[in-house]
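> This structure is in structure tokens; I'll ask about it shortly.
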Amino acid sequence: MTPPETPRLREMRWWDIDPVLELEKDLFPEDAWSRGMFWSELAHSRGPEATRRYVVAVEGERIVGYAGLAAQGTTPDSGYAAVGDIQTIAVARDRWGTGLGGRLLTELLRAATAFECAEVMLECRVDNVRAQKLYERYGFEAIGFRRGYYQPGNVDALVMRLTTTPDGDFAAGSPSVRGTEING
């Protein structure tokens, strides 16, 4: 039996929205993003004024994961984007435990470094322990809760944060964030 190929990461494009929506609805049936939400995010992901980075993980012709980051705000004294916000990370169920979530997260942290973010924030469902453990391995720390954040299920979100190292990188807990390769 041939082992499955390693998914390759590439920039998410508009033609990826439909397969991403299928995966989104499978993984997040109660609070799945809409087509319009993905279109809106991708509209800010290209060109010199880009503030978003969205990637897909492709295995053969199948999208088996996706992730996105938004960079927002600036600090007057440093010129850095104040915050990178991880909007979404998802991995197909049959690829859980393969390290793909870590690869997607590493790519988002690489993008946060490129956007010159001083910190990265995210919200994670309080009942998603698998994701929380991944984020903790990369150095994220829980800093609070958002009550009833995920609707319509009224599920709380755990807010987590990662700050840069002194050299402006997000390498804490991750294998060579700067060395991640991506095609796109």
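> List the residue pairs whose Cβ atoms are under 8 Å apart, where the first residue sits in the range 116-127 and is at pLDDT 90 or above, the second is outside any strand (DSSP E or B) and of a type outside the set (A, V, I, L, M, F, W, C), and the two are 6 or more positions apart or on different chains.
Going by the 8 Å Cβ cut-off, the qualifying pairs are E119/T164; L122/Y135; C124/Q132; C124/Y135.
> Within the range 7-27, work out how many residues are open to solvent by less than 80 Å² (accessible area, probe 1.4 Å), within 21 Å of G99 (Cβ to Cβ) and not in a helix (DSSP H, G or I).
The qualifying residues number 5.
> Can you pull out every residue in the range 42-61 that is surrounded by 15 or more Cβ atoms within 10 Å (Cβ to Cβ) and either at pLDDT 95 or above or farther than 12 Å from W14 by Cβ (or both)?
Here is the first cut: in the range 42-61, the residues surrounded by 15 or more Cβ atoms within 10 Å (Cβ to Cβ) are 42, 44-45, 51-59.
Across the range 42-61, the qualifying residues are L42, H44, T51, R52, R53, Y54, V55, V56, A57, V58, E59.
Here's the yes/no breakdown for (1) surrounded by 15 or more Cβ atoms within 10 Å (Cβ to Cβ); (2) assigned to a loop (DSSP other than H, G, I, E, B); (3) charged (D, E, K, R); (4) in contact (Cβ under 8 Å) with a residue 40 or more places away in the chain:
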position	(1), (2), (3), (4)
G102	yes, no, no, yes
E107	yes, no, yes, yes
R130	no, no, yes, no
R161	yes, no, yes, yes
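> For the range 114-128, name all the residues that are open to solvent by less than 80 Å² (accessible area, probe 1.4 Å) and of a type in the set (D, E).
If we filter the range 114-128 for residues that are open to solvent by less than 80 Å² (accessible area, probe 1.4 Å), which is where we start, we get 114-115, 117-126, 128.
Hits for the range 114-128 are E119, E123.
> Among the listed residues A111, A142, which satisfies the condition of being among the aliphatic types (A, V, I, L, M), within 18 Å of R52 (Cβ to Cβ) and either in contact with a Leu (Cβ under 9 Å, 6 or more places away or on another chain) or open to solvent by less than 40 Å² (accessible area, probe 1.4 Å) (or both)? Don't jump to the end; show me each part of the working.
Details: A142 fails: within 18 Å of R52 (Cβ to Cβ).
It is A111.
The values are calculated or read from the model by the stated rules, or taken from the named source; none is laboratory data. No experiment lies behind these values; they were computed from the predicted model shown. Because the Cβ atoms are built from the backbone with ideal geometry, glycine has one as well, and the counts that use them run over all protein chains shown. Please note that ligands, DNA and RNA were not included when accessible areas were found on the heavy atoms of the full protein model with its side chains. Shrake-Rupley method; radii C 1.70, N 1.55, O 1.52, S 1.80 Å.
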